[in-house]
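Trainee: Encoded as structure tokens, here's the structure I'll be asking about.
Since every read-out is calculated from the coordinates, none of them should be taken as a lab result. Values in this document were obtained by computation on a predicted structure and should not be read as measured data. Note that each Cβ is placed from the backbone with ideal geometry, even for glycine, and that neighbours are counted across all protein chains shown.
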Amino acid sequence: MSSSHSTHHLSVPLLWLMAIATGLAVSGNYYAQPLLPTIAAAFGTSETAAANIVTTAQLSYGAGLLLLVPIADLRERKSLIVVLMLLAAAGLALSATASTLPLLLAGTAITGFCSVVAQVLVPFAATLAAPEQRGRAVGTVMSGLLLGILLARTVAGGISSLFDWRAVYAVAAVAMVACALALGYSLPRYREDAGLRYGALLKSVIELFVEEPVLRVRASLGVISFALFSLFWTPLAFLLSAPPYGYSDAVIGLFGLAGAAGALAATWAGRLADKGKGVTGTWMGLAGLLLSWLPLGFAQTSLVALLIGVLLLDLAVQLVHVSNQNAIYALRPQARNRLNAGYMTCYFLGGAGGSLLAAFLYSHTGWLGIVAAAVCLAAAGILLGMVGLRGGGRRSNHPMLQAGPGEK
């Protein structure tokens, strides 16, 4: 391991800057969600075609997770983080100036691909934190990530109503550049060399899935939880813009505030992990994923039921997600970026699948089809937990996956 920062050093201000940067980076993939009806009208296309913006963001994010995040186990992380932030800002700028839907999709793809910087920051926080504070550090940065996902909708709806949808992307691009400069000034230099070439590094991500039962189980639970998240949020703008609601972009965006309580679960789940109760947090989340769809079944006619369901769903998703991450980070400390890359690739593929399924179901079966599919997925998550969480799995000693030079 080659490291110019071998001691733990994660001050509270730096931790919060990393949380803000993580939220800002990932939010670029979600600005479009409350704007889909407006964007569809602007380009004269169907709602289903406009929904491809969400799917493109998630697929490109998944590709970035697989192809970019493992590089953090080879390269100096501070420089990698700053470069990815600036490239994501360039993608946002392209979206702001797009004259056609394909150009907007291209800008979305660039932003999604490079905004995986968020998933370099999360394990970096775990690395810099003292061992007894690692769960809390991960939970804090994940709180920033969730707030970015949820408040992106609120910010996008507000800016779009005051100006237009293009202004959303322009403001976001400027904010990303400012945050990149702040990170460049504040982050310590840190490098770990996994002792592998890039191709072997990518192959080792697959090997980790083969050799680590915990990773397989946790990735599968991540797929289900984020698919449920997307299954709800992707068609929500269409539901709320139609009768009986008929809400504007700004009002639709405010629903992100209702889900922001889920950020509390991220810190809570991290503290449970620090106390050795990560599995308890996972079970609470899995139960919440199912129970949240009871009130959401009445979302077409009851605003109160919709708000209760949003709170439960986002709390549950974060309980599962942060518990998953703490479980996989404990497997191989010096391979955290590769573990995170494998897990998060599956996670966002689940989100993309949920978005595709939501677009199809909403156009063919309406909200009731969404609810039925969600209940089935949530039940599958509980069954998987019953089988996969028993015993927790064992770490492998496969020679291909051992720590690199200097790792312990």
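Trainee: Per the Kirkwood treatment, what hydrodynamic radius in Å, one decimal, follows for the stretch 329-379 from the mean inverse distance over all distinct Cα pairs?
Mentor: 12.8
Trainee: Under the classification rounded if a/c is under 1.5, otherwise prolate if a/b is larger than b/c and oblate if not, where does the stretch 284-374 fall, given a ≥ b ≥ c as square roots of the Cα gyration tensor eigenvalues? Could the numbers behind the result be given before it?
Mentor: Values: a/c = 3.95, a/b = 1.82, b/c = 2.17.
Oblate shape, in that a/c is at least 1.5 and b/c is the bigger or equal ratio.
Trainee: Also, quick follow-up: Send over the semi-axes of the stretch 156-218's equivalent ellipsoid, whole angstrom and largest first, taken as the square roots of 5 times the C-alpha gyration tensor eigenvalues.
Mentor: Details: eigenvalues 303, 86, 24 Å².
Three semi-axes, in Å: 39, 21, 11.
Trainee: Over the stretch 16-81, what lengths in whole Å, largest first, do the semi-axes of the equivalent ellipsoid take, defined as the square roots of 5 times the eigenvalues of the alpha-carbon gyration tensor?
Mentor: Details: eigenvalues 188, 43, 10 Å².
They are 31, 15, 7 Å, listed from largest to smallest.
Trainee: Once you have the Kirkwood Rh of the stretch 199-246 from its Cα pairs, apply Stokes-Einstein at 37 °C and 0.692 mPa s and quote D in µm²/s.
Mentor: Working: Rh = 13.5 Å.
Once the numbers are plugged in, D ends up at 244 µm²/s.
Trainee: Alpha carbons only, please: Rg and Dmax for the stretch 63-130, in angstrom.
Mentor: 13.5, 49
Trainee: Only sites in a loop by DSSP and with at most 16 other Cβ atoms within 10 Å count here; which chymotrypsin sites (Phe, Trp or Tyr not before Pro) in the stretch 186-258 make the cut? Before the final figure, lay out each step's value.
Mentor: Numbers: sites: Tyr190, Tyr198, Phe209, Phe226, Phe229, Phe232, Trp233, Phe238, Tyr245, Tyr247, Phe255; in loops: Tyr190, Tyr245, Tyr247.
Sites meeting the loop and neighbour criteria: Tyr245.
Trainee: To two decimal places, what compactness ratio does the chain give when its Cα radius of gyration is scaled by 2.2 N^0.38 Å? Before the final figure, lay out each step's value.
Mentor: Values: Rg = 20.0 Å, N = 408, 2.2 N^0.38 = 21.6 Å.
The reported ratio for this selection is 0.93.
Trainee: Same structure, new question: Over 17 Å apart: what share of the alpha carbon pairs of the stretch 263-332 falls there, rounded to a whole percent?
Mentor: Working: 1037 of 2415 pairs.
Tail of P(r) above 17 Å: 43 percent of Cα pairs.
Trainee: Hey, another quick one. What does the charge count around Gly388 come to, taking other residues whose C-beta lies under 11 Å from its C-beta (Lys +1, Arg +1, Asp -1, Glu -1)?
Mentor: Working: positive: Arg216, Arg218, Arg390; negative: none.
In short, +3.
Trainee: Let me ask something else about it. Picking from Val122, Val83, Val69, which is most flexible by a Gaussian network model of the chain using Cα springs under 10 Å?
Mentor: Ranking Val122, Val83, Val69 by mean-square fluctuation puts Val83 first.
Trainee: If I take all pairs of Cα atoms in the stretch 203-319, what percentage of them are more than 26 Å from each other? Can you show the working numbers first?
Mentor: Details: 2055 of 6786 pairs.
Summing the P(r) of the stretch 203-319 above 26 Å gives 30 percent of all pairs.
Trainee: I would also like to ask the following. Across the Cα atoms of the stretch 27-176, what radius of gyration and what greatest pairwise Cα-Cα distance (Dmax) are found, in Å?
Mentor: My reading of the Cα-based Rg and Dmax gives 16.0, 54 Å.
Trainee: So for each of 157-168, 317-328 I average, over its residues, the number of other beta carbons within 10 Å; can you give me the resulting order with the highest mean first? The partial results should precede the final answer.
Mentor: Values: 157-168: 18.8, 317-328: 27.9.
Ranked by mean Cβ neighbours within 10 Å, highest first: 317-328, 157-168.
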